[in-house]
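Take a look at the structure set out below.
Readers should treat all values here as calculations from the given coordinates under stated rules, not as data from a laboratory. Worth saying up front: this structure is predicted, and the values here are computed from it rather than measured. In this analysis, Cβ positions are derived from the backbone assuming ideal geometry, glycine residues included, and neighbour counts consider all displayed protein chains.
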Amino acid sequence: MDKKRIYMESLGCSKNQVDAEQMLGILSSDYDFTTIQEEADYIIVNTCAFIHDAKVESVDAIIAAVGNPRAGVIVTGCLAQRYQAELLEAIPEVRAFVGTTQFLEIAEVIRRLERGEGPIVETGDIDRVFPPQVPRKTLSPPYYAYVKIAEGCDNRCTYCIIPQLRGRYRSRPLEEILKEVGELVSSGVREIILIAQDTSRYGLDLNRGYGLLELLQALDSVASLKWIRIQYMYPDILDRRLIEGISRLEKVVQYFDIPIQHSSDRILKKMNRHTSQAQIIRVYDMIRELMPGAVIRTTVMVGFPGETEEDFGGLYEFIQAHPFDRLGAFKYSDEEGTPAHKLGDKVPGETALKRYERLMARQSEISERLLSRWLDRTLVCVVDEVAPTQEETTYIGRTPYDTPEVDGVVYISSDTALKPGDFVTVRITDHMEYDLIGVRINEPA
């Protein structure tokens with residue numbers, strides 16, 4: 001008898017992607033998977049509910065899924081955790097809603113649907129501790145993978161709904177992470193991207209005498225691993241010991257992803273960010289001192305309630321005085337259920353948009369200037385994509401300083417054929433605002 005087929009659509013962040021990969025791993029022995037939605041017996045829509053635009057995208061995906069009359073639609077992730085009652089009323093065609101920790105029971109949910117039950121709602125305990133090893137079927141290319149080192153968040157930023165959807169901060173034991181990374185590397189993975197809501201606090205809740213640095217030191221010794229990348233480090237807890245320690249590790253790329261959100265102490269306090277402009281500058285200067293070649297990425301928010309022209313002007317000046325190699329910005333999203341939703345003095349959407357556009361225009365200039373430092377220098381790059389044209393084949397890759405699908409790319413010319421996953425040495429010949437252009441040279445990578 002043919003196995004039933006499952007189509008997975010995962011939206012939102014890389015942390016959500018790992019949840020989707022674990023669901024596929026759990027289901028892999030009893031079901032086949034398809035990349036064509038119309039062929040599916042079950043469609044799983046793994047949703048995001050962080051900001052308004054993400055919610056709209058998730059709802060649109062659910063509506064598209066229920067348009068397939070032959071498939072049972074299952075909604076998982078943050079939207080299911082937060083709005084299952086509203087969605088059940090608005091889109092009754094959905095057969096099951098599964099929350100952010102109950103997705104581990106996805107196989108049992110489908111078995112219940114096959115017995116004729118439904119609609120099913122499973123949201124459960126958001127503080128649930130996950131079992132040691134959960135099977136995964138990775139959705140990334142075979143040479144890199146995301147590894148979630150913790151779940152949940154204790155920071156309680158006033159604009160953020162995540163603690164209410166994902167629970168308290170729970171680090172995974174170091175030995176479990178090492179085992180997972182070992183298995184991924186054995187399968188061909190050469191780049192590991194460590195993720196959590198806040199990677200810098202890794203291990204503090206376990207009280208076992210280790211933290212992020214000890215995890216990185218252990219991972220640095222894993223044979224055949226080429227790059228270790230860290231995302232989502234909070235500035236309030238970064239110190240010289242950690243930064244110095246990272247500078248000594250061969251495989252940890254010199255790439256710091258540190259969301260600062262703002263530079264105004266008044267706004268940072270209203271956001272309940274446990275830091276200040278002075279602390280942000282200390283961390284920034286420490287990285288520049290200890291690792292002059294490091295790339296620093298950040299995220300900032302414009303239009304937070306009460307943000308004045310003076311506050312925004314200070315942020316605009318801050319990114320000029322302390323230029324970030326990579327910077328992403330987003331407009332404040334007024335999420336019900338968050339403390340910031342209750343704040344007065346909301347910034348009009350049109351004003352927030354203008355601030356966003358002005359900030360990103362300036363960052364484009366900063367990025368182009370900073371990228372010029374790579375001209376006539378060589379960088380090791382990983383090939384992500386082959387882009388043939390009538391004239392020649394161009395390869396699209398990344399440097400150690402670029403996260404996939406987030407940062408810029410390198411357009412690579414090569415006399416010899418390359419394939420995704422190849423690590424090659426590239427001489428940089430030109431650059432644009434966010435991307436580099438180069439030629440592959442015959443040097444070891």
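Below, the figures for the structure above:
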quantity	calculated
Calculated Rg and Dmax of the chain using C-alpha coordinates, Å	22.5, 68
Net length gained if the chain between ALA278 and GLU183 were fully extended (0.36 nm per residue, minus Cα distance)	30.0 nm
Cross-link table LYS251/LYS331; LYS179/LYS331; LYS137/LYS354; LYS137/LYS419; LYS269/LYS354; LYS55/LYS342, entries beyond 31 Å C-alpha to C-alpha	LYS251/LYS331; LYS179/LYS331; LYS137/LYS354
Amide H contacts under 5 Å for ASN46, placed H, 5+ residues apart	GLU9, SER10, LEU11, THR76
Gain on full stretching of the segment that runs from LYS4 to LEU206 - 0.36 nm per residue minus C-alpha separation	68.6 nm
Helix-derived mean residue ellipticity, 222 nm - over the chain, DSSP H n ≥ 4, -39500 (n - 2.57), to 500	-10000 deg cm²/dmol
Gained length - VAL406 relative to GLU244, 0.36 nm times residue gap less alpha-carbon distance	55.7 nm
Amide hydrogen neighbours beyond the local backbone of GLY167, cut-off 5 Å, H modeled	CYS153
5 angstrom amide H check on ASN272, placed H, neighbours 5+ away	THR158
Reference-scaled alpha-carbon Rg (2.2 N^0.38 Å with N residues) for the stretch 144-372	1.06
Rounded, prolate or oblate (a/c below 1.5 giving rounded, otherwise prolate when a/b exceeds b/c) for the stretch 135-266 by Cα gyration tensor	prolate
ARG288 paired with GLN320, simple spin-label distance in nm, labels 7 Å along Cα-to-beta-carbon	1.5 nm
Alpha carbon Rg of the stretch 50-153, scaled by the compact-globule rule 2.2 N^0.38 Å	1.16
DSSP bridge orientation in the chain - percent antiparallel, rounded to nearest 5	35 percent
Burial ranking of peptide ranges 120-128, 150-158 (average Cβ count within 10 Å, highest at the top)	150-158, 120-128
Efficiency of FRET from Cβ geometry, ILE91 and ARG111, R₀ 30 Å, rounded to 0.05	0.85
Rounded if a/c under 1.5, otherwise prolate or oblate - the stretch 356-418, Cα gyration tensor axes	prolate
The chain: relative contact order as a whole-number percent, Cα under 8 Å and 6+ apart	9 percent
